[in-house]
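Please treat every number below as a calculation from the coordinates, not as lab data. Just so it is clear, the structure is predicted and the values come from calculations on it, not from any experiment. Every residue, glycine as well, gets a Cβ built from its backbone with ideal geometry; the counts of neighbours run over all protein chains shown.
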Amino acid sequence: MRHILAVLVENQPGVLTRVAGLFSRRGYNIESLAVGQTHDPEISRMTIVVDGDDRVIEQVVKQLEKLVDVINVRDISEAEHVDRELVLIKVKAEPKVRGEIMQIVDIFRARIVDIGHNSLIIECTGDEGKIKAIEKSLRPFGILELVRTGKIAMVRGPKYEEE
Amino acid sequence: MKMTGAEVIIKALEREGVEVIFGYPGGAVIPLYDKLYDSSIKHVLVRHEQAAAHAADGYARATGKTGVVIATSGPGATNLVTGIANACMDSIPMVIFTGQVALSAIGRDSFQEADITGITLPIVKHSFLVRDANKLASIVKAAFHLAGTGRRGPVLIDLPKDIQTAEAEFDYPEQISFRGYRLPAEPSAAQIYQAVKTIGLSRRPVIYAGGGVIASGAAKELKEFAEKTQIPVTTTLMGKGAIPEDHPLSLGMVGMHGTYYANFAVSHSDLLIAVGARFDDRVTGRLDTFATQAKVIHIDIDAAELGKNVRPHHVLNGDAKQVLQELLSRVEIPQTKEWLEQIAVWKKEHPLSYCQDGDKIKPQYVIEQLRKLAGEDAIVTTEVGQNQMWAAQYYKVSKPGTFISSGGLGTMGFGLPAAVGAQIGRPDDLVICISGDGSFQMNMQELATIVQQQLPIKVIILNNGYLGMVRQWQELFHNKRYSQTELIPVPDFVKLADAYGIAGYRVKRPEEVVPALEQAINHPGAVIVDVVIDREENVYPMVPAGGTLTKMIGV
Ligand SMILES: Cc1ncc(C[n+]2csc(CCOP(=O)(O)OP(=O)(O)O)c2C)c(N)n1
Ligand SMILES: [Mg+2]
């Protein structure tokens with residue numbers, strides 16, 4: 001099963017290497033990892049999506065918690081949470097198909113952020129289902145480039161640390 | 001107070017009560033060595049950096065203190081890698097200082113630059129690359145705190161050369177804390193209660209004690225607990241000394257080369273109480289046939305060990321000494337009379353055995369005689385291979401911290417430098433290194449260190465002219481195809497001893513063993529005893545790798 005881990009870490013050089021190194025060394029599968037500073041500039045937050053049964057996830061969490069630079073780990077898969085991913089898609093768009101593409105963009109409440117000679121860059125945020133769906137809808141036009149941030153997630157309701 | 005970075009480090013080490021450093025200088029640590037020159041801290045100059053790490057490791061095991069190492073950048077640092085990995089696997093407290101090229105030169109493949117924090121990432125408890133000399137004092141404090149608390153381990157501090165010469169503030173913190181580093185809270189009363197109940201209801205319990213008992217200083221509590229509950233105790237290699245091995249409740253070592261009765265007891269137990277042990281594959285053999293009837297109580301300071309290899313029924317996350325004290329205060333006594341009778345039968349039917357007849361020397365005989373002559377306070381280090389397993393089987397340890405062996409990593413070349421560290425830490429005790437002809441040759445350059453430091457270490461080489469343990473596997477599982485395991489020619493170790501100016505004896509006949517060992521122990525200085533043993537003797541019993549514990553060969 002896939003689990004979403006919310007990991008608070010010290011915002012310091014080398015932390016990402018320690019976390020990534022732990023996953024590869026112990027043979028855990030990272031599906032995605034997104035990291036950025038939090039409202040406290042000394043703390044970064046990682047959202048790690050990892051695949052494994054309960055025993056594996058328990059080990060992943062415990063091993064992460066052992067890292068000195070890791071402040072807190074929470075498996076939020078079971079909790080009510082919001083998760084989002086941002087994708088940029090550069091799609092082939094000759095003038096005659098642009099209308100059709102713009103309709104798709106509208107339906108997904110995505111945005112066009114760049115118009116090129118024969119292409120458009122589309123920005124879309126959403127959960128995984130939505131990202132997959134827009135990618136599928138745009139594929140027939142010809143996707144030239146695609147980049148995803150990886151999932152970020154947050155538990156609904158009270159503040160994370162208080163749980 | 002303002003001083004240079006190097007001075008800050010030396011001052012900090014003095015504040016930590018460091019008495020000795022094992023190291024080897026080089027360009028990137030010259031400023032540090034310059035300040036060390038004026039310090040009262042003793043420095044032991046090894047002859048290879050790997051040995052510095054192993055010596056610090058042996059020192060830590062023999063004294064319970066944190067071992068300290070210095071090496072230069074690049075090759076000095078990379079030479080430490082095996083020693084750091086060894087300490088990490090066996091949870092040995094160590095603080096390692098490596099030189100690094102100047103901050104501005106990092107990342108440019110500068111002369112003798114190696115990314116040692118990167119290289120050692122998977123084999124340290126934590127590491128620091130110092131970028132600001134003003135943080136040095138708190139980093140040193142943090143390193144000692146991390147290395148010596150919780151599940152102990154090696155911590156590396158990488159020191160750019162310009163940090164050592166930079167002006168820095170010496171402001172040594174009394175305490176340090178990390179929000180990401182918490183020691184386990186003690187187990188709850190409910191958890192203790194449930195474990196106690198399970199223990200009271202068991203009929204065939206076994207205590208399985210590992211290195212955590214030694215690290216926590218819990219040997220006394222363990223013995224008390226075993227005696228009070230009348231539960232037999234088996235130990236891992238790292239756990240030797242957790243209970244005196246001549247104690248009626250001692251089963252000796254469990255696992256691949258464990259005793260028949262330990263392996264049988266574990267396999268037939270209805271309750272396994274693991275204390276500071278981690279269910280290593282050399283202990284469990286095949287996991288799905290391991291102790292299948294047993295409930296498991298797992299006591300460990302490292303939460304990540306609980307459930308890693310075996311699913312425990314009760315977890316008690318905490319320091320072994322404290323948890324055992326808790327259990328002792330509430331203990332319920334199980335009825336183990338019949339169980340102990342059964343074990344006595346196993347002990348009687350299948351003791352460890354060998355036969356010293358004929359004119360070839362049996363290594364087991366050498367170890368047994370050595371134990372008799374050395375007494376219970378002697379410290380023994382071992383190399384790796386058959387010599388190590390014979391020592392584990394036949395050297396009956398009475399006190400914790402007196403048996404020092406590379407457990408998790410199984411590092412040939414560990415024993416001799418570890419003996420250096422042990423003898424430095426325990427100058428008044430007899431220190432013996434049980435060695436193999438192969439392992440000895442991996443770090444024999446340390447004879448020079450032994451001579452320089454005037455250490456009266458006794459090296460007993462069980463010389464079979466083979467990488468014996470590998471040869472044993474080839475004999476048993478590869479049709480005696482001895483591929484690259486014969487070490488002939490083995491150098492003349494007696495002449496080698498002579499070259500270093502230490503005593504050397506060769507022993508070829510069984511009747512010479514005891515006199516030679518006596519002579520070695522009574523000799524005031526270092527000695528090498530080259531014991532030519534029965535070449536193709538094997539270590540038995542043996543559970544083939546990945547096999548079931550009860551399916552031992554050679555019983
Ligand atoms: C550094 C290292 N290299 C290789 C091995 C694999 N190995 C394990 S035991 C052994 C043979 C050891 O030979 P020796 O020291 O003569 O001991 P013996 O088994 O003959 O007693 C070898 C090569 C190891 N454990 N460590
Ligand atoms: Mg040998």
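A few remarks follow.
- Max mean-square fluctuation residue, GNM over chain A, Cα-Cα springs under 10 Å, options A:Ile89, A:Ile152, A:Ile104: A:Ile104
- Of all lysines in the structure, those lying under 16 Å Cα to Cα from B:Lys65, and not within fewer than 8 positions of it along the same chain, are B:Lys42, B:Lys141.
- Taken over region B:285-368, the alpha-carbon convex hull comes to 197 cubic angstrom per residue.
- Here region A:1-50 carries DSSP beta bridges of which approximately 100% are antiparallel, counting only pairs with both residues inside.
- Note on the protein assembly as shown: Cα convex hull, mean projected area over all directions, 37.0 nm².
- Each Lys or Arg adds one and each Asp or Glu subtracts one; over the other residues with Cβ under 11 Å from the Cβ of B:Gly318, this totals -4.
- The HN-Hα couplings worked out from phi for region B:9-15 by the Karplus form 6.51 cos²θ - 1.76 cosθ + 1.60 (θ = phi - 60°) are 5, 4, 4, 5, 5, 5, 4 Hz, whole numbers, x standing for Gly and Pro.
- Computed [θ] at 222 nm, helices only, for chain B once each DSSP H run of length n ≥ 4 contributes -39500 (n - 2.57): -10500 deg cm²/dmol
- Highest average packing first - B:166-177, B:211-222, Cβ atoms within 10 Å: B:211-222, B:166-177
- Integer Hz, Karplus 6.51/-1.76/1.60 couplings in order for region A:80-86, x for Gly and Pro: 4, 9, 9, 10, 9, 9, 10
- Here B:Ser138 and B:Glu376 are evaluated by their C-beta separation; at R0 = 56 Å the FRET efficiency comes out at 0.85.
- When Rg and the Kirkwood Rh are both derived from Cα coordinates, the Rg/Rh ratio for region B:23-105 amounts to 0.98.
- A convex hull fitted around the alpha carbon atoms of region B:314-432 yields 184 Å³ per residue.
- Full extension of the chain between B:Thr149 and B:Leu287 yields a length gain of 46.6 nm, computed as 0.36 nm times the residue separation minus the alpha carbon distance.
- Among residues other than B:Ser40 with Cβ under 11 Å from its Cβ, the summed charge is -2 (Lys and Arg +1, Asp and Glu -1).
- By the Cα gyration tensor, region A:99-141 has an equivalent ellipsoid whose semi-axes, rounded to whole angstrom, run 17, 11, 9 from largest to smallest.
- Normalising by residue count, chain B has a Cα convex hull of 149 Å³ per residue.
- Zone of B:Met1's modelled label, taken as backbone nitrogen in region B:22-39 under 17 Å from a point 7 Å along Cα→Cβ: B:35-39
- Stokes-Einstein diffusion for region B:363-532, with the hydrodynamic radius set to the Kirkwood value over Cα pairs and evaluated at 10 °C in a medium of 1.306 mPa s, equals 100 µm²/s.
- Taking a Cβ cut-off of under 10 Å around B:Phe403, the surrounding Lys, Arg, Asp and Glu residues balance to a net charge of +3, with basic ones at +1 and acidic ones at -1.
- The loop-placed chymotrypsin sites (Phe, Trp or Tyr not before Pro) in region B:1-102, going by DSSP, that have at most 14 neighbouring Cβ atoms within 10 Å of their Cβ come out as B:Tyr37.
- Its Cα gyration tensor gives region B:49-185 an equivalent ellipsoid; the semi-axes, largest first and in whole Å, are 23, 19, 12.
- The antiparallel fraction among DSSP beta bridges confined to chain B stands at about 5%.
- Inter-label distance, B:Phe111 to B:Arg182: 5.0 nm, where each label sits 7 Å from its Cα along the C-beta direction.
- Stretched out straight at 0.36 nm per residue, the stretch from B:Asp171 to B:Glu536 would grow longer than its current Cα-Cα span by 125.3 nm.
- Stokes-Einstein diffusion of region A:2-75 at 37 °C, 0.692 mPa s viscosity, Kirkwood radius from Cα pairs, rounded to a whole number: 271 µm²/s.
- Estimated inter-spin distance, B:Arg509 and B:Tyr37, nm [label 7 Å along Cα→Cβ]: 5.7
- Between B:Arg481 and B:Thr550, the FRET efficiency estimated from the beta carbon spacing at R0 = 30 angstrom works out to 0.55.
- The H on the amide N of B:Gly436, modeled in the peptide plane, is under 5 Å from the matching H of B:Glu383, B:Val384, B:Leu462, each at least 5 residues off or on a different chain.
- Placing dummy labels 7 Å off each Cα toward the beta-carbon, the span from A:His81 to B:Lys228 is 4.4 nm.
- Per-residue ellipticity at 222 nm from helix content only, as computed over chain A with -39500 (n - 2.57) for each DSSP H run of at least four residues, stands at -9000 deg cm²/dmol.
- Peptide-level mean, for B:116-127, of C-beta atoms on other protein chains within 10 Å: 3
- Protection proxy ranking of A:106-117, B:65-76, B:503-514, B:298-309 - average other beta-carbon atoms within 10 Å, highest first: B:65-76, B:298-309, B:503-514, A:106-117
- Bins of 10 Å from zero: percent of alpha-carbon pairs in chain A: 10, 34, 27, 20, 9, 1
- Test item: B:154-161 mean partner chain Cβ contacts at 10 Å: 0
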